[in-house]
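Novice: To start, I am sharing the structure in question, which I have written as structure tokens.
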Amino acid sequence: MAIQHLKSGKPEAARAEDDAKVRTTVETILKDIETRGDTAVRELARKFDGYDAPRFRLTPSEIEAAMQKVSPRDMEDIRFAQVQIRRFAEAQRASMTDIEVETLPGVILGHRNIPVQSVGCYVPGGKFPMVASAHMSVLTASVAGVPRIIASAPPVKGEPHPAIVAAMQLGGAHEIYVLGGIQAVGAMAIGTESIEPVHMLVGPGNAFVAEAKRQLFGRVGIDLFAGPTETMVIADDTVDAEICATDLLGQAEHGYNSPACLITNSRRLAEATMEEIDRLLKILPTAETAAVSWADYGDVILCDTYDEMLSVANDMAYEHVQVMTDRDDWFLDKMHSYGALFLGARTNVANGDKVIGTNHTLPTRKAGRYTGGLWVGKFLKTHSYQKVTTDAAAATIGAYGSRLCMLEGFVGHAEQCNVRVRRYGGRNVAYGTAAE
């Protein structure tokens, strides 16, 4: 039996048409921000967020006032989550060491891990204010040692969201702005009269934010190209339909275009999961969104073997991959293209999204084939250096360098090497120039 698609979502052509519309809108808005600066940003904030403040940056007293609105229990939960995320980020940072090695006598090579000097962290608001995104971007940049971290999130009900502000402040943001969408990432990357531009943009967002980051890449660095959240469940008969359906819909509620996919070798589980999804959509408070995502972007794929399940999963390269089988570690060893793995029925994607300590800003749209997610290393640039400390080394390396430059026809390059050979090695070293 071949691999069967028991349920499929929208065809790729329809998805591409949606992307094209977003691309045009974003291009127009970014040009406007570049041309008119704060004036354009203020008009966009008014239009899209209904927000019209004299300035977008919060003062220390406004930050304190917002944090006072957060309940003690919510503040405790935010602090707990940040401790977990900080612990893992610090362990990751400790794994990245500067090196220096003498590769030949008198030839010393090394590299240093240097933080990006300024980062703009976007935290989504909208239908679901994503407090956790502040931990993932701001706090991780802080652990990396970024000297200027600015953070921006849209207003919620006309004012800064207290818990988001608290998470930004506790995470280590140096500047906090109340701005959403394209105008936020555009202002942070391009700069305006009141906002100094950053060197890098990070953080998730809707389709417009993702496209804005894509168009701004090159002018600034970005964490990754991110589209709508994706979730995949790889399951066999060791789990039941309720847990599979819950994990699929738990992410489908993100937006109207959030792909969710079940890959299984059990027809019984596949059919039972689809029935359970129908049942849950009748009672889930976010069913209006999740139902559209499931209808348009949901897939159920039935395979014969675990090898087929692995092959399909690696090819789809989804953002979140929940593995619940009798061989979870086998998938851990063999999966090579994904955002993050969640192994076993005891864990779930929501843990990763909010509190367990790994980062939830992850690659989508098959980007997991060439990049991992946001982590402390994304905020660090690995820069190499070299030094030659003896005359003999300068002459030896210079001679090889000269001949290899001439092999390619680069006479000026060769002369850079030759002058060192003449200066430090005398005339007894075999090197070459066009004049030789």
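The values are calculated or read from the model by the stated rules, or taken from the named source; none is laboratory data. Everything quoted here is computed from the prediction, not taken from an experiment. Positions of Cβ are generated from backbone atoms using ideal geometry, with glycine treated the same way; all protein chains shown enter the neighbour counts. With ligands, DNA and RNA removed, areas are computed over all heavy atoms of the protein, side chains included. Shrake-Rupley method; radii C 1.70, N 1.55, O 1.52, S 1.80 Å.
Novice: Any idea what angle helix 287-297 forms with the longest principal axis of the chain, computed on alpha-carbon atoms, 0 to 90 degrees, nearest 10?
Specialist: Between the helix axis and the principal axis of the chain, the angle is about 60 degrees.
Novice: At what distance in nm do the modelled label points of Gln68 and Thr390 sit from each other, each positioned 7 Å from its Cα along Cα→Cβ?
Specialist: Label-label distance for Gln68 and Thr390, simple model: 6.9 nm.
Novice: With the cut-off at 18 Å, report for region 248-294 the share of all Cα pairs above it, as a whole percent. The partial results should precede the final answer.
Specialist: Numbers: 289 of 1081 pairs.
Cα-Cα pairs of region 248-294 separated by over 18 Å account for 27 percent.
Novice: Compute, for Phe48, the solvent-accessible surface of its heavy atoms (probe 1.4 Å) with the complete set of protein chains present, and express it in square angstrom to the nearest 10.
Specialist: The accessible area comes out at roughly 110 Å².
Novice: Follow-up question, since we're still on this one. Based on the alpha-carbon gyration tensor of region 206-322, what equivalent-ellipsoid semi-axes (square roots of 5 times the eigenvalues) come out, in whole Å, largest first?
Specialist: Numbers: eigenvalues 158, 71, 16 Å².
They are 28, 19, 9 Å, listed largest first.
Novice: Quote the FRET efficiency, to the nearest 0.05, computed for Arg422 versus Lys381 with a Förster distance R0 of 30 Å and r equal to the Cβ-Cβ distance. Please report the intermediate quantities before stating the final value.
Specialist: Values: r = 36 Å, r/R0 = 1.19.
FRET efficiency, Arg422 to Lys381: 0.25.
Novice: Give me, ordered by chain and number, the residues 5 or more places off Glu253 or on other chains with an amide H under 5 Å from its own placed amide H.
Specialist: none
Novice: Could you calculate the FRET efficiency of Arg279 with Phe80 from 1/(1 + (r/R0)^6), where r is the beta carbon distance between them and R0 is 30 Å, rounded to 0.05?
Specialist: Details: r = 33 Å, r/R0 = 1.11.
After rounding to 0.05, the efficiency reads 0.35.
Novice: Under a plain spin-label model, where a point goes 7 Å from the Cα along Cα-to-Cβ, how far apart in nm are Arg36 and Glu242?
Specialist: Modelled inter-label distance: 5.6 nm.
Novice: To continue, here is another question. So how much slack lies between Ala91 and His336, counting 0.36 nm per residue of separation and subtracting their Cα-Cα distance, in nm?
Specialist: Working: separation 245, 0.36 × 245 = 88.20 nm, distance 2.26 nm.
Full-extension gain reported as 85.9 nm.
Novice: Sort out for me the Cα centre separation of region 257-313 from region 192-240, rounded to whole Å.
Specialist: 24 Å
Novice: Heavy atoms only, probe 1.4 Å: what % of the accessible area of region 249-398 goes to carbon and sulfur, would you let me know? Mind showing how you got there, number by number?
Specialist: Working: 3320 of 6620 Å².
Carbon and sulfur atoms account for 50 percent of the accessible area of region 249-398.
Novice: Could you give the C-alpha radius of gyration of region 49-89 expressed as a fraction of 2.2 N^0.38 Å, taking N as the number of residues it contains? Could you put the intermediate results ahead of the total?
Specialist: Details: Rg = 14.3 Å, N = 41, 2.2 N^0.38 = 9.0 Å.
Dividing the Cα Rg of region 49-89 by 2.2 N^0.38 Å gives 1.58.
Novice: To continue, here is another question. Average projected area of the Cα convex hull of region 287-335, in nm²?
Specialist: 4.2 nm²
Novice: Further, regarding this structure: Dimensions of region 113-187 along principal axes (Cα, Å, largest first)?
Specialist: 41, 24, 16 Å, listed from the longest principal axis down.
Novice: Let me ask another. Determine the percent antiparallel among the DSSP beta bridges restricted to the chain, to the nearest 5. Before the final figure, lay out the partial values.
Specialist: Values: 19 of 53 bridges.
In the chain, DSSP labels about 35 percent of beta bridges as antiparallel.
Novice: Specify the angular offset, from 0 to 90 degrees and rounded to the nearest 10, of the alpha carbon long axis of helix 181-190 from the longest principal axis of the alpha carbons in the chain.
Specialist: 10 degrees
Novice: At 1.4 Å probe size, with every protein chain present, just tell me what the per residue accessible area of region 295-347 comes to in Å². Walk me through the numbers on the way to the answer.
Specialist: On the way: 2150 Å² over 53 residues.
Heavy-atom SASA per residue in region 295-347 reads 40 Å².
Novice: Scaled to the compact-protein estimate 2.2 N^0.38 Å, what is the alpha-carbon radius of gyration of region 282-376, rounded to two decimal places?
Specialist: Working: Rg = 14.3 Å, N = 95, 2.2 N^0.38 = 12.4 Å.
That works out to 1.15 for region 282-376.
Novice: For the chain, take the longest principal axis of its alpha carbons; what is the angle in degrees between that and the long axis of helix 391-407, to the nearest 10 within 0 to 90?
Specialist: Tilt of helix 391-407: around 70 degrees.
Novice: Here is a further query. At 1.4 Å probe size, with the rest of the protein present, what percent of the exposed accessible area of region 146-248 is carbon and sulfur atoms?
Specialist: Numbers: 1680 of 3170 Å².
Summing carbon and sulfur atoms, their accessible area is 53 percent of the total for region 146-248.
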